[in-house]
1. Would you please state which residues of the range 166-196 a label at S19 would reach in this model, taking the label point 7 Å out along Cα→Cβ and a backbone N cut-off of under 14 Å?
2. How big is the range 119-206 on each of its three principal axes, counting only the C-alpha atoms and giving the largest first in Å?
3. Among L83, F178, T10, pick out the residue whose Cα is farthest towards the positive end of the charge dipole of the chain, where Lys and Arg carry +1 and Asp and Glu carry -1 on C-beta, about the Cα centre.
4. Check cross-link reach from K139 to the aspartates and glutamates: straight Cα distance under 19 Å, and skip same-chain residues fewer than eight apart.
5. Once you have a ≥ b ≥ c as the square roots of the Cα gyration tensor eigenvalues for the range 1-121, tell me rounded if a/c is under 1.5, and otherwise prolate or oblate according to whether a/b is larger than b/c.
6. Applying the Karplus parametrisation 6.51 cos²θ - 1.76 cosθ + 1.60 with θ = phi - 60° to the phi angles of the range 42-52, what ³J(HN,Hα) value in whole Hz is obtained for each residue in order, glycine and proline being reported as x?
7. Of (1) 32, 57, 11, 0; (2) 30, 53, 16, 1; (3) 35, 62, 3, which one was derived for P(r) over Cα pairs in 20 Å bins from 0, in percent from the structure shown?
8. Long-range amide H contacts for F14: which residues qualify at under 5 Å (H placed 1.01 Å from N, peptide plane, sequence gap of 5 or more or a different chain)?
Amino acid sequence: MPKPNSSFVTEFAFEGFSSFGWRHRLVFFVVFLTLYLLTLSGNVIIVTIIRLDRHLHTPMYFFLSMLSISETCYTVAIIPRMLSGLLNPHQTIDIHGCATQLFFYLTFGINNCFLLTAMGYDRYVAICNPLRYSVIMGKRACAQLSSGSLGIGLGMAIVQVTSVFGLPFCDGFVISHFFCDVRPLLKLACADTTLNEMVNLAVSVCVLVLPMGLVFVSYVLIISTILKIASAEGRQKAFATCASHLTVVIVHYSCASVVYLKPKSQSSLGQDRLISVTYTVITPLLNPVVYSLRNKEVKDALRRAVGRKPLSP
């Protein structure tokens, strides 16, 4: 029940980086804006290259383009308002705007988790069952995995947003974060949040532990298959096709797990905010950087696009 003598909150303010002086906030603004523009341009380039170059019309690059689009939507939901808050730390957001931001943040964040799982499955089929790869990973299967990832994201986001914004918010209106996230909002509620915290934990387990487990099993099978390859060159080539995906997976799941799976008693909003900067600003940039710098096929496609390498038949 709401606390007595309390008025219901209709808008929130972000604590964000308001504890820093304007010079530090200006530095953060320049750094984060630069990273954001690099992320947007990198993802746009990847999606465009994959769309235009027929050499990249494969399931692996289909999922990569879907991940790039999802990462772009994910950052658009968070970073522009964060940048605005760095210049004007006293801005507010109404409760409907906060719910909308949380919905899109969760939808695309969860979508990213399951897209990475689908990419792990794609690599498993390619290495462990190469003769049936084109049959198993046909266009229909790719579309189903992609739409299924988005569907899970939408469903889980609706559950979380309904759970959080079904609570009353009374006197507290300053969110100890730079965007609307579940845990900081639950701390502001003026009612018992035990059930809501259980819902949050259940969703976190479903969207982090389950995909991580599936990716782990995939890579155990992949590595055991690669080790059976007779030639060193063959083993190296097989590992190379997985290296980019594995790098993104480790960073993505590590950051998200630290914030959403650690016990409430060990939760520090300040520490969570620092880690959140990593997976909302830095991790999305990792995707285009890793796949463009470490992936020979993407680099070749970029060279073909700028006319530095002749088109092969």
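1. 175-178
2. Largest first, the range 119-206 extends 62, 23, 19 Å along its Cα principal axes.
3. L83
4. Result set, ordered by chain and number: D53, D122.
5. Oblate is the answer for the range 1-121, as a/c is 1.5 or above yet b/c matches or exceeds a/b.
6. The phi angles translate into x, 5, 4, 4, 4, 4, 5, 4, 5, 5, 8 Hz.
7. (2)
8. I175
Only the coordinates and a few stated rules stand behind these numbers; no lab work does. On a predicted model such as this, the values are computed, not experimentally measured, just so you know. Note that we place each Cβ from the backbone using ideal geometry, even for glycine, and neighbour counts take in every protein chain shown.
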